[in-house]
Each structure stands twice: as structure tokens, then as C-alpha cells.
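**Student:** Below you'll find the structure I mean.
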Amino acid sequence: MSKLGNLGARLHRGEVGYDFVGNRKLWYGVSILITITAILGLTVRGLNMGIEFQGGAVFTTPKHMTVSVTQTEDFAQEASGHDAIVQKLGDGSMRIQIAGIDTDKSDTIKDLLAKDLKVNAENINADLVGPSWGDQVANKAWQGLAIFMVLVVIYLAIAFEWRMALAALVALIHDITITVGIYALVGFEVTPGTVIGLLTILGYSLYDTVVVFDSLKEQTKGITKQTRWTYSDVANRSINSTLMRSINTTAVALLPVAALLFIGGGVLGAGMLNDISLSLFVGLAAGAYSSIFIATPLVADLKEREPSLKALKKRVLAKRAQSPADGEQLDPEQSDADDEYDDEPEDAAAAVVGPRNQPASRARGRGRPSGKRR
């Protein structure tokens, strides 16, 4: 078995691990700092909305143009009186995007561009987007996002419980804020492709979170019947047992997205790939981060506010505070309850972080006379 596979197996068995829940305040602080940076980016710079949301026109010139991108931008700005985004396509043609202009002025702008570029106006293709259509696209995007959020909360509340639904919702909002903030800071154009990518990464983030929640739900059955582990201990075990799965899934998903972003968008200059690949790249990374460092620790915080789990935590901490040197013996009934919890599937109670040093079984020698075994 490879070293990575061996590490994954040891994490799943609870032999090694990182105390995610115990260090949750640190990661909460990191998340708050990142979120504030994203909000500042939105406030200061704002989003660079595409013409699909603002309305405008896209002009495509003939192939094999000899005019530079900078010169074309100057010509487009002079002809329209608005800022223009010019992109040179692979066949040598120019894609000129001008947002915020009236569609009735498109013919005039087209004629001026043809004159400056020294081409026939009939050879310039114009695609027009009205501002009302752009508003409809924006409204539909927000409606789709809101419906998605509501359905997520309802599903998780039914399949798990409201605390997990709330934690998942916080994680999703966290992912959306970071992704949109990165768009504002980088200045990439927001297009329908961006919205598609955003909804895609929300589904991925939710999947990763549900995997951990499902493990946590199974491992916390009957947790109040023992006094060895708190809810936070078992939550931490759930994160560690699925950690390698989350890392491997995220890494495999990020590789093709990185190729789209850095090679397709950066090297080949495919602007449309930038719109969707940036949201996927940032969102996938943020989704994996939030499912590990935000969602499950937040569930542990909410659950341990319950009276039964709060009392369990006090009993567990009191028991751990007892020194073995005191010679105190556990109550037989309580010992049996602990053993019963240990025997649950998937080694449910083994939520300890770090190497597992199990004491000798208390059942050894029970009901058998002392002396040599025959």
C-alpha cells in the first residue's frame, strides 16, 4: 500500500488525525478574514457584469485582422463613447464587446468601426442584447440560487436535522461569498457561464458536506450511553475518517478545471473558459475547505448546546480528569455501556485524535477464576 493510502487507512481507523473541531476557533477566524476581504472587494471594485446582464452589443470582425487589440479598443471607445472589451480570437478576428449602449445605435457604431478598421461594414457581425433581457437573466439567476438554497435546507432538515441544515447553509453562503469576492478582486467578467459554474460548485460543496454529515450521524448513535467520548470527539473522527476522500476528490476535480483556467483561458486566450473555470476552481477549493473546517465544527458547536450532550461533555471531562493513580474502579454497569458503544459498526466511538493506546480489555478474566489458563 502506498504511503498516502496507508495514511488514509490510519485516519479512517482513528490512529492519527488532526483536531479540526478543537482548533475550530482558528479556522473560524481564517474564514471570517477571507470573507471580509471578499466583501471589501465587492464593495470597492464591484462585479464586472457582462453584456448578458447589462445589455449591449458584440461585434465580430472578419478573419486575419492586422490591427492590434489596443488600437481596436481605442476605435471602439471612440465610436461608442463607452468602454470596450476586445479579444483576439484564434482565427485572427476581433471580438468587440460594448456594454450599456442602446441597440438603435448599433448600426452607427458598426459603420464607424468598419471605417476605422478599413473593412466592409457588411463583414462585421453584430449581436445585440437588450437591457430588459439582461435584467431577466439576472433575476432568473438570483431566483434559481434562492430556490436552490431553500431546497437544500429542507432536504438536510428532513434527512438529518435542522442544525446540520443550518451549518450546510452557512458553508454554502461562505463559498458563494468567497467565489463572488474573487471575481470582484480579479475583475473577470460575470456571464451566464459564471452562474452555471457557481451552481455547479454549490452542488459539489453540498455533496462533500453530506458525506461527512452521514458519517457523523451513524457514529453518534447512542452516544449518550457512554462516558468516553464527547460529540466533538466523534465529529472530529468523522472529519478525519473522510479526509482523504475529500482531498482526493477535490484534487481530481481541480486538475481539469486548472487546465481550463490556466491553459485554455490564460495561454489560448479563450475568454468564455475564464468565466466558468474561475468560478469552478475557486468554488471547488472553497467547498472542500468549508465542509472540513466550517460545516462539521459548527454542527458540533450547535449540538453541544443540547442539555443531554452538554451533560455528556461534563461527564466525559470529569472522567478524564480522574487520575488512574487514584485506583478508582469504574462502575460495572457503566463499563458494560462503554463496551457496548465500542462494539458499534465502523468503530463508531473511536473519535480520539492521535495514536490509539487502548487499555487492556476490562472483560478479560471476567467470570473466570484466577490462575493459569488451561
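**Student:** Here are some residues: Lys221, Lys217. Which one is part of a helix (DSSP H, G or I), modelled with pLDDT of 85 or more and basic (Lys, Arg)?
**Tutor:** Details: Lys221 fails: part of a helix (DSSP H, G or I).
Lys217 is the lone residue from the list that is part of a helix (DSSP H, G or I), modelled with pLDDT of 85 or more and basic (Lys, Arg).
**Student:** With touching a Phe, Trp or Tyr at 6+ places or on another chain (Cβ under 7 Å) and more than 30 Å from Ile85 (Cα to Cα) as the only criterion, which of Lys225, Lys221 stands out?
**Tutor:** Working: Lys221 fails: touching a Phe, Trp or Tyr at 6+ places or on another chain (Cβ under 7 Å).
From the options Lys225, Lys221, the qualifying one is Lys225.
**Student:** Please verify whether Thr37 is within 21 Å of the chain's Cα centre (by Cα) and either farther than 20 Å from Ala235 by Cα or not β-branched (Val, Ile, Thr) (or both), treating the condition exactly as stated.
**Tutor:** Details: within 21 Å of the chain's Cα centre (by Cα): yes; either farther than 20 Å from Ala235 by Cα or not β-branched (Val, Ile, Thr) (or both): yes.
Yes; evaluated as a whole, the condition is true for this residue.
**Student:** Quick check on this structure: which one of Ser335, Ser323 is at pLDDT below 90 and either in contact with a Cys (Cβ under 9 Å, 6 or more places away or on another chain) or surrounded by 13 or more Cβ atoms within 10 Å (Cβ to Cβ) (or both)?
**Tutor:** Ser335
**Student:** From the list Thr108, Thr43, Thr72, which one is closer than 21 Å to Gly187 by Cβ, of a type in the set (S, T, N, Q) and open to solvent by 80 Å² or more (accessible area, probe 1.4 Å)? First the steps, then the outcome.
**Tutor:** Values: Thr108 fails: closer than 21 Å to Gly187 by Cβ; Thr72 fails: open to solvent by 80 Å² or more (accessible area, probe 1.4 Å).
Among Thr108, Thr43, Thr72, only Thr43 is closer than 21 Å to Gly187 by Cβ, of a type in the set (S, T, N, Q) and open to solvent by 80 Å² or more (accessible area, probe 1.4 Å).
**Student:** Looking only at region 117-174, how many residues end up being closer than 30 Å to Ser68 by Cα, open to solvent by 80 Å² or more (accessible area, probe 1.4 Å) and assigned to a helix (DSSP H, G or I)?
**Tutor:** 2
The values are calculated or read from the model by the stated rules, or taken from the named source; none is laboratory data. Because the structure is predicted, anything quoted here is derived from the model rather than measured. Don't worry about glycine lacking a Cβ; one is built from the backbone with ideal geometry, like all the others, and counts go over all protein chains shown. Quick note on the areas: whole protein, heavy atoms, side chains included, nothing else; ligands and nucleic acids left out. Shrake-Rupley method; radii C 1.70, N 1.55, O 1.52, S 1.80 Å.
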